Amino acid sequence: MKFGTKAIHAGQEPDPTTGAIMTPIYQTSTYWQKSPGDNKGFEYSRGTNPTRQALESCLAALENAKHGLAFSSGMGATDAVLKLLSPGDEVITGDDLYGGSYRIFTKVFANYGIKFHFVDMTKAENVKQHINSNTKLIWIETPTNPTMQIVDIKAVAGIAKERQVLLAVDNTFASPYLQNPIDLGADIVMHSVTKYLGGHSDVVMGALMVNDDDLYKRLWFIYNACGATPGPMDSFLVLRGLKTLHLRMKAHCENGRQIAEFLKTHPKVDKIYWPGFIDHPNHDIAKKQMRDFGGMISITLKGADLQETYRIASSFKVFSLAESLGGVESLINHPVSMTHGSIPKAEREKVGVTDNLLRLSVGVEDIEDLLEDIKQALS
Ligand SMILES: *Cc1c(COP(=O)(O)O)cnc(C)c1O
């Protein structure tokens, strides 16, 4: 099946009892057992729920994976991957990461004796220098949040395979419409479903997709034992959101391209980060591993201090100033004070996350209105 057909149909059959075309919201915590253990495959909704199972099958299909697991947030999904590790294990990850990932690595799991190396992953070779016998996991984000660095998934997967290290890819920014890390050799794909997959900024959810049966079993154990699983109502909302993922992504990419091109030559814009530009440092890799370049764009404002950056960030009328991304509505974000507030100044400035950086999540509104709004806000 092709992508759009999977987005609408995968994991979903007419309801066997009523014929309902849409997957019912099985709003139940528990299930009847005729005698102990004699049930229809469902016992308790922390572990299994039919609405969530339909969603998990659909999510797996979209990433060309065998198994999907939904979590109550993206961080809940990340947490489950890290719980595969033991004290003394080491992780190699990028130097430009979602702030919450940096925070859970350094402020939670570092306390449990896990060591993290933050390296420039834009050159896959750099990963090699940090691998030793304790390395158990490589964690990639690409494109990165917020500077849109591109990491060569296939090249890092080759290194990971050779050294028998697990490779997990946070595919939130690309969405499965643009990029499928498992096809490129990753073991685990992680999503903040809150973003493009949900698509309507009305749900917080996460997901993991894997091919390997044993890895799936280990992750399912953590999922059920630790319990960060989402409820049936949220599962239904995401199933509904997924049905238009391919249509939304097409529109995000088209609007993103026009806005990136407009901002590139704007006199108030200093740097612009968008992987679709030929002069983006890893444009060739982006072209190879992504189907298009998406609707996430970051810019720095020429000569703007923090006050001026705040003033401009607050002067948009169609774009809303807010955290998050990937919804149908356009959002503008100030990473330093919002999504990346937990990263020390010296660390973030090394990779260009400066006070005058703004991140745009380009929505699917009419492009004329979006361009008009940017023009007036930057005037
Ligand atoms: C939002 C986000 C997360 C965290 O997901 P939540 O659903 O907010 O817990 C992780 N990675 C990236 C790239 C994100 O944008």
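The values are calculated or read from the model by the stated rules, or taken from the named source; none is laboratory data. As the structure is a prediction and not an experimental result, all values here were calculated from the model. Cβ coordinates were reconstructed from backbone atoms using ideal geometry, including for glycine residues, and neighbour counts include every protein chain displayed.
Is there a residue being within 15 Å of the ligand (Cβ to nearest atom), surrounded by fewer than 24 Cβ atoms within 10 Å (Cβ to Cβ), in the same structural domain as residue 61 (by TED's automatic domain parsing) and in contact (Cβ under 8 Å) with a residue 12 or more places away in the chain anywhere in the stretch 210-217?
Scanning the stretch 210-217 turns up no residue that is within 15 Å of the ligand (Cβ to nearest atom), surrounded by fewer than 24 Cβ atoms within 10 Å (Cβ to Cβ), in the same structural domain as residue 61 (by TED's automatic domain parsing) and in contact (Cβ under 8 Å) with a residue 12 or more places away in the chain.
I'm checking my understanding of the structure. Among residues of the stretch 165-179 that are in a loop (DSSP other than H, G, I, E, B) and within 12 Å of the chain's Cα centre (by Cα), which one is farthest from the ligand (Cβ to nearest atom)?
So, considering only residues that are in a loop (DSSP other than H, G, I, E, B) and within 12 Å of the chain's Cα centre (by Cα), the one farthest from the ligand (Cβ to nearest atom) is 179.
Take residue 374 and tell me if it is modelled with pLDDT of 90 or more, more than 16 Å from the ligand (Cβ to nearest atom) and surrounded by 20 or more Cβ atoms within 10 Å (Cβ to Cβ).
When the stated conditions are applied, residue 374 passes them.
Select the helices (runs of 4 or more DSSP H) contained entirely in the stretch 245-321, then report the ones holding at least 2 residues which are touching a Gly at 6+ places or on another chain (Cβ under 9 Å).
245-264, 283-289
Look through the stretch 320-334, keep the residues that are more than 20 Å from residue 250 (Cα to Cα) and within 11 Å of the ligand (Cβ to nearest atom), and return whichever of them is surrounded by the fewest Cβ atoms within 10 Å (Cβ to Cβ).
Only one residue fits best here, namely 323.
Going residue by residue through the stretch 342-349, is there one that turns out to be within 16 Å of the ligand (Cβ to nearest atom), part of a helix (DSSP H, G or I) and on the phi < 0 side of the Ramachandran plot?
yes
Might you let me know whether the stretch 35-48 holds any residue that is within 16 Å of the ligand (Cβ to nearest atom) and in contact with a Ser or Thr (Cβ under 7 Å, 6 or more places away or on another chain)?
Among the residues of the stretch 35-48, not one is within 16 Å of the ligand (Cβ to nearest atom) and in contact with a Ser or Thr (Cβ under 7 Å, 6 or more places away or on another chain), which makes the answer no.
Looking at 71, 42, can you tell me which residue is touching a helix residue (DSSP H, G or I) at 6+ places or on another chain (Cβ under 8 Å), among the aromatic types (Phe, Trp, Tyr) and within 15 Å of residue 193 (Cβ to Cβ)?
On inspection, the qualifying residue turns out to be 71.
In the stretch 336-379, which residues are in contact (Cβ under 8 Å) with a residue 40 or more places away in the chain, within 18 Å of residue 308 (Cα to Cα) and under 20 Å from the mean Cα position of the chain (by Cα)?
Of everything in the stretch 336-379, those that are in contact (Cβ under 8 Å) with a residue 40 or more places away in the chain, within 18 Å of residue 308 (Cα to Cα) and under 20 Å from the mean Cα position of the chain (by Cα) turn out to be 353, 358, 359, 360.
Matching residues to (1) acidic (Asp, Glu); (2) assigned to a loop (DSSP other than H, G, I, E, B); (3) away from the ligand (no atom under 14 Å from the Cβ); (4) in contact with an Asp or Glu (Cβ under 9 Å, 6 or more places away or on another chain):
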residue	(1), (2), (3), (4)
138	no, no, yes, no
159	no, no, yes, yes
189	no, no, no, yes
199	no, yes, no, no
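Does residue 113 fit the bill of being within 11 Å of the ligand (Cβ to nearest atom) and out of contact with any Lys or Arg (no Cβ under 8 Å at 6 or more places or on another chain)?
When the stated conditions are applied, residue 113 does not pass them.
When the residues of the stretch 57-95 are narrowed to those that are away from the ligand (no atom under 16 Å from the Cβ) and under 15 Å from residue 219 (Cα atoms), which ends up farthest from the chain's Cα centre (by Cα)?
So, considering only residues that are away from the ligand (no atom under 16 Å from the Cβ) and under 15 Å from residue 219 (Cα atoms), the one farthest from the chain's Cα centre (by Cα) is 86.
Go through (1) surrounded by 20 or more Cβ atoms within 10 Å (Cβ to Cβ); (2) away from the ligand (no atom under 16 Å from the Cβ); (3) more than 22 Å from residue 11 (Cα to Cα) and name the single condition residue 278 misses.
For residue 278, the failing item is (1).
Quick check on the stretch 140-157: of everything there that is assigned to a helix (DSSP H, G or I) and away from the ligand (no atom under 16 Å from the Cβ), which residue is farthest from the chain's Cα centre (by Cα)?
Filtering the stretch 140-157 for residues that are assigned to a helix (DSSP H, G or I) and away from the ligand (no atom under 16 Å from the Cβ), the one farthest from the chain's Cα centre (by Cα) comes out as 155.
Select from the stretch 106-158 the residues that are over 19 Å from residue 192 (Cα atoms) and of a type in the set (Phe, Trp, Tyr) and list them in ascending order.
Answer for the stretch 106-158, where residues must be over 19 Å from residue 192 (Cα atoms) and of a type in the set (Phe, Trp, Tyr): 109, 112, 116, 118.
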